[in-house]
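Everything on this sheet refers to the single structure shown next.
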Amino acid sequence: MHIDFAPPSNGTYNNAGSCQQLANYMEHEDLERIEKGIYTEGFFNLTNDNIYKSKVIKDIDTNIGQLLKTDAKFYAIHVSPSEKELRAMGNTEQEQAEAMKRYIREVFIPEYAKNFNKELFASDIKFYGKIHFDRDRSDNELNMHCHLIVSRKDQNNKKKLSPLTNHKNTKNGVIKGGFDRVNLFQRTEQGFDKLFNNNRQQTESFDYHNTMKNGSIPEKLKSQEEVFQSSERKTEINQENMLSINPENQITSNQTFNTNITIADKQDSNTFINPHLKPQNNEASGSFFSAISTELLFSSNQPNPESQPTNVKKKKKIRHKI
C-alpha cells in the first residue's frame, strides 16, 4: 500500500486557499468514463456516498477557524494499493471500489485520527474521498486508487491537525501530540491485511522497503538475511507437508535407494560402477542400470522365483550306437 501526502504547491495542491481547484481535479476522470458508459464513484466521507462536489468545497472551506491567511486549510492524501492488494479487495471495479471505501472508513481514518495522540476518533476527522480507476503513465493492469481531502481542523473546528508536522507524540512545548507517519504506514498496512485476510510477503511490507531505502548497510543486510531464512523455513515446511500428505513417497524413495545399492554391490568388477574402469558406452550402461532398478522395483510384490517350480525342459542325452 502506497500512501503519500501531496506537498503544497501553487497549482492543484495549493492548500492555503479554497479546495475548489483540487475538488475539480478529483472529478476529471468522471466525464471520460461517463462518455464510455462506465459507472463513476462520487465523493464519500465516513458515513455517506455520492456527495455533491459543492458540499465538499463548502464544508472544507468553512472549517478554517483561527487559521491565518497563509496557513494550510486542508491536506491532499493519496492511497494507492498494489495490484496484488487490489486483487485481494475484489474481482471487479465495483467490488474494489466498495472495498476501498471500507478500508478508508474502517482502517485509514481511525488510524489517522489516533496517530495525532490527541485522543481523537475517526468521527473527529473531516474528510472527503474520491476514487479513481486510471493512472497516467502506468502500465499496470489495475490502477484504482483514492484521493482524500482532509481538513486542517477537526469536525468541531477547534483543533489544528497537521500530518506534515515533524513532531512525534510530544508532551512538552507549544505543540502537543504530533504525527508519526512511519507508524501510520505500519498500522494501516497491518489493518489492511487483517481486513482482507491478505497474506503479505516480507519483501512486500513497508518495513522491508523502508529499510532497503533508508536503512544503514547492517540493517539492509539483516533484512535480506531474514528474508532468506524465511524462504528456507517455508521450503522445509512445504517438504514436510508433502511427506505428511503422502508418506509413501518417502518409503518408495528409500526402497529405490536401497535396491540400487544392492544391485551395485552384486555387479561384476568390470561393470561401470568400478571406479577404475569407464563404461564403453555410457548411454547403454545407464540404460542397463535403470532397467534393472525399475525391474526390481516393480517386482518387489511378486512371488519369490526361487520358491516357484521351474519349467525349464531338460535336454535329452543322445546316445550314439557304435
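FYI, it's all coordinate maths here, none of it is from the lab. Quantities reported herein were computed from a predicted structural model and do not represent experimental measurements. All Cβ positions, glycine included, derive from the backbone under ideal geometry; neighbour counts span all protein chains shown.
Protection proxy ranking for 76-85, 114-123, 147-156, using the average of other Cβ atoms within 10 Å per residue and placing the highest first: 147-156, 76-85, 114-123. Positive-end ranking of 81, 31, 19 along the dipole of the stretch 1-129, with charges on Cβ about the Cα centre, is headed by 19. Grouping the Cα pair distances of the stretch 2-200 into 10 Å bins from zero gives a pair-distance distribution of 8, 35, 37, 17, 3, 0 percent in increasing distance order.
Charge tally around residue 18: other residues with Cβ under 11 Å, Lys/Arg +1 each, Asp/Glu -1 each, net +1. Of all aspartates and glutamates in the structure, those lying under 15 Å Cα to Cα from residue 168, and not within fewer than 8 positions of it along the same chain, are 111, 119, 180.
Of the cross-linked pairs 69/118; 58/159; 58/158; 84/126; 130/220; 36/126, those separated by over 28 Å at the C-alpha level are 84/126; 130/220; 36/126.
Can you work out the FRET efficiency for the pair residue 213 and residue 52, with r the C-beta to C-beta distance and R0 = 35 Å, to the nearest 0.05? Once the sixth-power term is evaluated, E becomes 0.30.
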